[in-house]
Amino acid sequence: MPEETNEKKAVRQTGSNTIVPVKADELVEKAVEMKKKGLRLSQACCSWVNNQYEISYSFADDQTLDYITLRILAERTATISSISEIYPYAAFYENEMEELFGLNIRYIDLDYHNRLYRIKTKAPFLPEDQREVATDETKKISAPDAPETQKEDAN
Amino acid sequence: MGKRSVIPFGPQHPVLPEPIHLDLVVEDEKIVEAIPNIGFIHRGLEGLAPDRDFQKYLYVVERTCGICSFGHGLGYVESIEGIMNVEVPERARYLRVVWAEMARMTSHLMWLGFTADAFGFESLFYEAWRIREKVLDLMEMTTGGRLIYSVLKVGGVLKDITPDMQKKILDDLNEIEKETREMTKTFLDDYSVQTRLKGVGVLTKQQAHDVGACGPMARASGIACDMRMRGYEAYSDLGFEPVVAQDGDSYARCEVRINEIFASIELVRRAFEHMPKEGDLSATVKGNPNGEYFARIEQPRGEAIFYSEGHGKPNLDRFRLRTPTFANLQALCETLKGAEYADVPILILTIDPCISCTER
Amino acid sequence: MNHTIFYAIGAVLYIVGAPFLGCLMDGAERKLSARMQGRIGPPLLQPWYDFVKLLNKQVVTVDRAQFFILTSYLVLMVMSGAMFFSGNDLLMTFFVLSTTGTFLYFAAIVPSSPYSSMAASRELIQEVCYEPAVLLLSVGFYLATGTFNARAVFSQNTSLVVFLPGFLASYLFAMIIKLRISPFDVSTSHHAHQELVQGVTTEMGARNLALFKLAEWYEMVFLYGVVAVFILNSSLVSVLAAILVDLVIFFCFVLIDNTNARVKWENMLGLSWAVTGLCSGVNLLILMMIR
């Protein structure tokens with residue numbers, strides 16, 4: 001995955017747009033750093049590419065209009081620590097990542113336990129063969145599993 | 001300590017434009033806490049990205065929401081153009097600005113109508129929407145659609161604005177500006193409106209920053225942050241200044257949105273002045289996106305982020321849309337603490353909720 | 001003797017005719033309101049069609065007690081109107097009217113819905129807002145005519161409005177509250193777009209809502225009738241004058257409805273007491289000094 005600044009585009013735009021790779025255990029520390037600099041958490045998302053998670057936490061500087069994204073690569077069974085103690089509103093993004101992608105995030109401040117969207121299928125944005133993989137800290141998921149998914153995995 | 005009760009607000013409620021559920025813990029008409037519950041319009045639109053050609057996926061993104069539809073399309077094509085390094089021709093950039101600003105006007109006029117309705121002033125609601133009809137007529141004339149325009153494509157735009165249309169737009173905008181000034185005088189000067197808006201839901205500058213507010217919500221608290229200052233599309237040539245207020249209450253947010261309507265009218269006029277008289281409408285786009293890009297644009301509701309990731313296939317691997325209301329929901333819960341129950345509709349409306357965008 | 005029959009006829013006319021008059025006034029209000037907003041508006045008889053439709057709807061009430069309470073509400077409303085139009089004690093009439101408010105409160109509380117329960121509290125506050133105005137009106141009436149009986153107007157040579165302008169002003173203010181017109185449609189309104197959904201009438205449907213609407217029509221005729229107390233005197237021309245004044249006030253109320261947002265109950269309380277205190281109070285002092 002190319003992780004470069006996008007200065008190639010004919011720039012008439014102020015503010016940089018960078019993606020910085022970090023390790024999963026450095027996330028909380030980096031978040032504190034961002035908070036000290038006065039940056040605002042703009043968004044957090046993840047995607048499933050090349051059999052691993054690509055998690056992005058983006059921070060925006062409202063004065064210089066810079067945009068810094070912390071990029072974490074994680075395995076399916078990995079556990080990420082939530083930054084919602086530092087940025088309380090990160091809770092929504094993390095709940096969404098958990099519900100849509102089955103990403104294991106612990107210590108979320110306001111935890112919806114997979115009931116943010118109340119989707120019937122577990123981790124709908126993951127490919128089907130990945131959904132039932134057991135995680136190290138299996139969290140109790142209150143949404144019922146769709147019977148079809150279970151049948152397919154049994155095959 | 002008074003009697004506590006939990007009042008469910010939504011998802012069906014006559015005052016809400018879209019379904020959202022709030023559990024309001026109320027103590028004698030004062031709200032102690034608000035717990036939001038969303039998920040009523042979740043359609044999983046982001047999950048369609050790997051299933052569609054990236055050019056066709058634009059139509060899905062545009063239909064995330066009816067009000068902010070042009071902004072969504074714009075952000076999406078910007079993110080793809082960022083990955084593929086496409087240089088959009090100058091005239092197309094100015095046309096995009098014109099349509100984006102007119103879409104902003106319709107959105108704010110609609111918001112003014114909803115707010116008037118929320119505090120029981122129906123005639124003002126009808127007046128705002130009557131003016132909005134005029135703008136919608138202009139949109140229909142130039143793009144063929146009133147809410148969902150489909151004039152964008154990766155690399156440029158699909159339609160042009162002829163000199164006749166341009167003249168009509170500028171003439172109508174003069175009329176619209178005059179009528180809007182009169183109507184907004186009621187919002188800003190009427191006594192009964194002021195009792196409902198002034199001092200309601202105050203968000204200080206520090207609070208707005210801590211809670212991650214964006215858009216008019218943050219600008220009304222004094223944070224001068226507007227994505228249009230980044231100068232995407234043609235905004236860098238138009239001398240844009242963000243509209244800011246200081247008080248942070250609902251009245252200030254109303255003021256900010258009203259002034260943004262006038263700022264948009266001015267931007268459209270300047271865009272028409274600076275626009276090159278002739279030019280290509282789009283650049284040719286060959287190949288498939290390979291890379292990733294974060295595009296940020298200013299929707300009527302705030303900062304919207306579009307992230308696209310592709311690996312050389314015609315379908316994207318991941319598309320992520322972070323809409324401003326998703327960020328402002330936390331700000332809503334913050335303003336609801338300690339508010340009176342009578343203010344709840346006003347407070348929900350001051351963040352300009354677009355729940356379809358929030359949940360995609 | 002003749003006069004007694006005359007007054008009895010007045011009461012009967014009210015009981016029989018007020019629904020029709022009230023329905024027409026309701027329809028006219030909606031039409032006028034729509035025209036002010038640049039719309040065409042519903043047909044004039046729309047409230048009647050709505051009433052008939054409500055009676056034909058399936059009954060799915062939360063609690064059957066609501067029907068009994070609303071029937072009592074209707075009966076008391078008719079009684080207070082009939083008492084007034086038969087020329088009886090003004091003070092007594094207004095006290096009976098206040099009792100109807102209590103029944104409305106219970107009708108809203110009984111379904112245990114969060115919206116109507118909160119609106120019921122607001123309804124009581126609304127009562128506190130207009131009570132001073134109507135009670136002081138009776139007192140002023142007594143000071144001007146020497147009796148509480150409404151029929152005393154017919155023996156007056158000059159219209160009472162000359163002696164009681166302040167009372168009229170605060171009564172009109174109270175009327176806005178009583179008729180549930182913006183800016184004072186705090187506990188329920190004719191449009192379901194407030195935070196308490198439709199306030200006290202949220203949990204009323206079918207038959208019960210029809211009863212409420214009927215009571216509203218009786219109330220409307222009664223309230224506009226009280227205005228006539230200020231205008232009527234011993235001459236016959238005053239009857240025409242009273243009708244004219246009522247029409248003008250009707251138009252002004254529709255105008256006020258369309259040019260104001262709904263205020264919060266604290267503001268309503270403050271404003272109504274301020275207006276009542278000022279207008280009625282000053283008028284009262286002057287009357288007492290004249291005597």
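Of the listed requirements (1) in contact (Cβ under 8 Å) with a residue 24 or more places away in the chain; (2) within 9 Å of another protein chain (Cβ to nearest Cβ), B:N37 misses just one: (1). Filtered by the rule that a residue be surrounded by 20 or more Cβ atoms within 10 Å (Cβ to Cβ) and either among the acidic types (D, E) or more than 10 Å from every other protein chain (Cβ to nearest Cβ) (or both), segment B:123-135 gives B:E127, B:A128, B:I131, B:R132, B:V135.
With the requirement that a residue be surrounded by fewer than 22 Cβ atoms within 10 Å (Cβ to Cβ) and within 9 Å of another protein chain (Cβ to nearest Cβ), what does segment A:97-111 give you? Once the filter is applied, which keeps residues that are surrounded by fewer than 22 Cβ atoms within 10 Å (Cβ to Cβ) and within 9 Å of another protein chain (Cβ to nearest Cβ), segment A:97-111 yields only A:L110. Considering only segment C:162-171, I want to know if a residue exists there that is more than 14 Å from every other protein chain (Cβ to nearest Cβ), within 17 Å of the chain's Cα centre (by Cα) and open to solvent by 10 Å² or more (accessible area, probe 1.4 Å). Yes, the conditions are met somewhere in segment C:162-171. Checked against the criterion of being open to solvent by 30 Å² or more (accessible area, probe 1.4 Å), part of a helix (DSSP H, G or I), out of contact with any Leu (no Cβ under 9 Å at 6 or more places or on another chain) and not basic (K, R), the candidates C:L247, C:L284 yield just one match: C:L247. Please tell me if B:A283 is within 10 Å of chain A (Cβ to nearest Cβ) and either open to solvent by 30 Å² or more (accessible area, probe 1.4 Å) or in contact with a strand residue (DSSP E or B) (Cβ under 9 Å, 6 or more places away or on another chain) (or both). Against the criterion (within 10 Å of chain A (Cβ to nearest Cβ) and either open to solvent by 30 Å² or more (accessible area, probe 1.4 Å) or in contact with a strand residue (DSSP E or B) (Cβ under 9 Å, 6 or more places away or on another chain) (or both)), B:A283 does not qualify.
Residues that are assigned to a helix (DSSP H, G or I) and more than 14 Å from chain A (Cβ to nearest Cβ) do occur in segment B:231-250, at least one of them.
Taken over segment B:148-171, the criterion of being crowded, with 21+ Cβ neighbours inside 10 Å and out of contact with any helix residue (DSSP H, G or I) (no Cβ under 6 Å at 6 or more places or on another chain) is satisfied by B:G155 alone.
Within the set C:V186, C:V134, the sole residue that is open to solvent by less than 30 Å² (accessible area, probe 1.4 Å) and at pLDDT below 80 turns out to be C:V186. Among the candidates C:L55, C:L76, C:L21, C:L70, the residue that is under 20 Å from C:F253 (Cβ atoms) and of a type in the set (A, V, I, L, M) is uniquely C:L21. Just to verify a result, which residue in segment A:35-47, among those that are more than 9 Å from the chain's Cα centre (by Cα) and more than 8 Å from chain B (Cβ to nearest Cβ), is farthest from B:G310 (Cα to Cα)? The selected residue is A:K36. Across segment B:122-175, the number of residues qualifying as of a type in the set (S, T, N, Q) and in contact with a Pro (Cβ under 7 Å, 6 or more places away or on another chain) comes to 0. Residues in segment B:3-15: is at least one surrounded by 18 or more Cβ atoms within 10 Å (Cβ to Cβ), under 29 Å from B:L321 (Cα atoms) and in contact with a Pro (Cβ under 7 Å, 6 or more places away or on another chain)? Checked segment B:3-15: at least one residue is surrounded by 18 or more Cβ atoms within 10 Å (Cβ to Cβ), under 29 Å from B:L321 (Cα atoms) and in contact with a Pro (Cβ under 7 Å, 6 or more places away or on another chain). May I ask you to list the residues in segment B:18-32 that are closer than 30 Å to B:L112 by Cβ and either open to solvent by less than 50 Å² (accessible area, probe 1.4 Å) or of a type in the set (A, V, I, L, M) (or both)? Of everything in segment B:18-32, those that are closer than 30 Å to B:L112 by Cβ and either open to solvent by less than 50 Å² (accessible area, probe 1.4 Å) or of a type in the set (A, V, I, L, M) (or both) turn out to be B:E18, B:P19, B:I20, B:H21, B:L22, B:D23, B:L24, B:V26, B:E29, B:I31.
Scan segment B:172-216 for residues that are open to solvent by less than 60 Å² (accessible area, probe 1.4 Å), within 30 Å of A:K36 (Cβ to Cβ) and outside any helix (DSSP H, G or I) and the total you get is 6. Name the residues in segment C:37-85 that are without any contact (Cβ under 8 Å) to a residue 40 or more places away in the chain and among the aromatic types (F, W, Y), would you? Listed by number, the residues that qualify are C:W48, C:Y49, C:F68.
The values are calculated or read from the model by the stated rules, or taken from the named source; none is laboratory data. Since this is a predicted model, take the numbers as computed values, not measurements. Heads up, the Cβs are rebuilt from the backbone with ideal geometry, glycines too, and the neighbour counts pull from every protein chain shown. For the accessible areas, the whole protein counts, side chains as well, though only heavy atoms, and no ligand, DNA or RNA atoms are used. Shrake-Rupley method; radii C 1.70, N 1.55, O 1.52, S 1.80 Å.
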